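Peer 1: Below is the structure I would like to discuss, written out as structure tokens.
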Amino acid sequence: MLRTLTSASVALRPRIAGWVRTMASHQLLVTPPEALLKPLSVPSRLLLGPGPSNLAPRVLAAGGLQMIGHMHKDMYQIMDEIKQGIQYLFQTRNRLTLAISGSGHSALEAALFNLLEPGDSFLVGANGIWGQRAAEIGERIGARTHQMIKDPGGHYTKQEVEEGLAQHKPVLLFLTQGESSSGVLQPLDGYGELCHRYQCLLLVDTVASLGGAPIHMDQQGIDVLYSGSQKVLNSPPGTALISFSDRAKNKIYSRKTKPYSFYLDMKWLANFWGCDDKPRMYHHTPPVISLFSLRESLALIAEEGLENSWRRHRDVTAYLHGRLQGLGLQLFVKDPTLRLPTVTTIAVPAGYDWRDIVKYLIDHFSIEITGGLGPSLGKVLRIGLLGCNATRENVDRVIEALQEALQRCPRNKL
């Protein structure tokens with residue numbers, strides 16, 4: 001036997017030498033990057049912008065767990081628990097409820113790619129960047145997109161929505177509950193019923209509001225609801241939550257054309273997440289470790305209780321508002337009932353460059369806040385109190401930092 005193995009080894013030598021010559025037939029043009037030969041360096045910061053937020057310790061620990069296969073019963077159990085957590089946060093009994101492998105933008109695209117077909121009429125509440133993005137996607141699909149444009153800080157009354165429904169006869173209306181670029185909280189009671197009266201579906205973005213502001217998907221007649229993982233949930237960016245009513249599901253399953261995206265095709269995703277009665281089939285490889293973290297994020301809110309989470313965000317943000325006004329700063333949203341309880345917008349104080357203030361807080365206090373986004377750029381500073389970051393202690397820290405920044409940053413007195 002030893003002689004046989006030796007003979008085989010000798011016979012393989014010319015073949016191995018050929019493999020080596022093939023591998024070395026070209027010299028490497030790119031050397032190992034020097035930066036990657038050093039340890040990873042990540043600064044420690046308190047993230048008080050509109051998101052992402054700091055990870056909760058339990059969520060951070062989940063991100064360090066070992067990988068498991070994504071097509072086995074142990075992973076299916078975790079996915080089922082995630083679905084139940086989403087149903088709790090959304091307050092829905094919809095079967096077609098799942099997590100998307102992607103950011104909040106991917107959930108928006110999943111909704112629009114599956115609900116809209118070329119030529120469909122699409123009505124968009126564009127009072128900030130998220131309405132603008134929804135309109136952009138609708139146009140790319142080929143929908144007849146109609147924007148109800150408002151300046152940052154505005155919201156939509158039922159009368160305004162009904163006028164748009166009557167004029168454009170859309171199959172879908174888009175509204176943002178928590179417009180993080182302007183700090184507006186859009187009322188939703190009665191809007192679903194209004195849409196259904198005009199044979200229109202209601203799609204709502206809750207990326208910046210979920211867990212911090214009340215939402216009742218089924219009772220408010222919302223047909224599609226989506227959110228992200230990186231704000232109140234204190235989870236890593238890269239997973240998104242979405243749910244479809246039976247009305248919306250029927251629209252998807254009666255399409256005349258296939259959705260533009262295979263990756264976001266809801267029929268495939270519904271099967272992959274066990275939302276139909278068929279055996280699960282492979283669709284894509286999800287971010288397994290991120291799903292571990294998302295599961296723990298949902299568990300934390302379930303343990304605290306939704307109403308307690310809503311109350312905590314409301315109370316801590318009210319405390320922030322009082323402290324900001326004590327510094328002489330003006331809140332951008334004038335009506336207290338329309339202020340988002342997770343992301344606060346402050347009118348940039350006269351004479352200051354908002355970038356100087358943001359930079360000062362990072363450089364001197366390791367606290368991150370941000371300026372405006374899209375149509376609110378240059379008009380506001382934004383402070384987020386999201387999930388575990390929504391504490392009075394964090395409010396005191398950011399107020400102390402802002403007070404010093406206003407004293408030290410250059411000011412144009414013209």
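Peer 1: If you keep only loop residues by DSSP, which trypsin sites (Lys or Arg not before Pro) in the stretch 287-373 have at most 13 other Cβ atoms within 10 Å of their Cβ?
Peer 2: LYS334
Peer 1: Next up: Tell me the angle of helix 2-23 to the major Cα principal axis of the chain, expressed in degrees between 0 and 90 and rounded to the nearest ten.
Peer 2: Rounded to the nearest ten degrees, it is 50.
Peer 1: With the full set of protein chains in place, find how many percent of the accessible area of the stretch 57-303 is carbon and sulfur; take the probe as 1.4 Å.
Peer 2: So the carbon and sulfur contribution to the accessible surface is 52 percent.
Peer 1: Once you have the alpha carbon radius of gyration of the stretch 269-410, what is it after dividing by 2.2 N^0.38 Å, with N set to its residue count? Before the final figure, lay out the partial values.
Peer 2: Numbers: Rg = 19.7 Å, N = 142, 2.2 N^0.38 = 14.5 Å.
Expressed relative to 2.2 N^0.38 Å, the Cα Rg reads 1.36.
Peer 1: Here is a follow-up. In the Gaussian network model of the chain, springs joining C-alpha atoms below 10 Å, which of ASP120, ASP246, ASP277 carries the largest mean-square fluctuation?
Peer 2: Fluctuation is largest for ASP277.
Peer 1: Leaving out ligands and nucleic acids, note down the accessible area per residue over the stretch 21-161 with a 1.4 angstrom probe, in whole Å².
Peer 2: For the stretch 21-161, the per-residue accessible area is 56 Å².
Peer 1: I would also like to ask the following. Most mobile of VAL42, VAL59, VAL30 per a Gaussian network model of the chain (Cα springs, under 10 Å)?
Peer 2: VAL30
Peer 1: From the square roots a ≥ b ≥ c of the eigenvalues of the alpha-carbon gyration tensor of the chain, which class results: rounded (a/c under 1.5), prolate (a/b over b/c), or oblate?
Peer 2: Oblate.
Peer 1: Over the Cα atoms of the stretch 57-303, what Rg and Dmax result, in angstrom?
Peer 2: Expressed in Å, the Cα Rg and Dmax of the stretch 57-303 come to 17.4, 55.
Peer 1: If you average the sequence gap of Cα pairs under 8 Å that are 6 or more apart and divide by the length of the stretch 321-363, what percent do you get for the contact order?
Peer 2: With pairs under 8 Å counted, the relative contact order is 30 percent.
Peer 1: Once you've got the Cα coordinates, tell me which of LYS83/LYS249; LYS158/LYS251; LYS73/LYS278 are over 20 Å apart.
Peer 2: Cα-Cα > 20 Å for LYS158/LYS251; rest within.
Peer 1: Might you list the cysteines of the chain that have no disulfide-compatible partner by the rule of another cysteine's Cβ under 4.7 Å?
Peer 2: When partners are defined as cysteine Cβ atoms under 4.7 Å apart, the chain leaves CYS275, CYS388, CYS409 without one.
Peer 1: In whole percent, what relative contact order does the chain give with Cα contacts below 8 Å and a gap of six or more residues?
Peer 2: 22
Peer 1: On average, how much accessible surface per residue is there in the stretch 306-408, in Å², for a 1.4 Å probe, leaving out ligands, DNA and RNA?
Peer 2: 44
The values are calculated or read from the model by the stated rules, or taken from the named source; none is laboratory data. Predicted model, so just to flag it, every value in this text is computed and none were measured. FYI the Cβ positions are ideal-geometry reconstructions off the backbone, even for glycines, and counts take in every protein chain you see. SASA here: full protein model, heavy atoms, side chains in, ligands and nucleic acids out. Shrake-Rupley method; radii C 1.70, N 1.55, O 1.52, S 1.80 Å.
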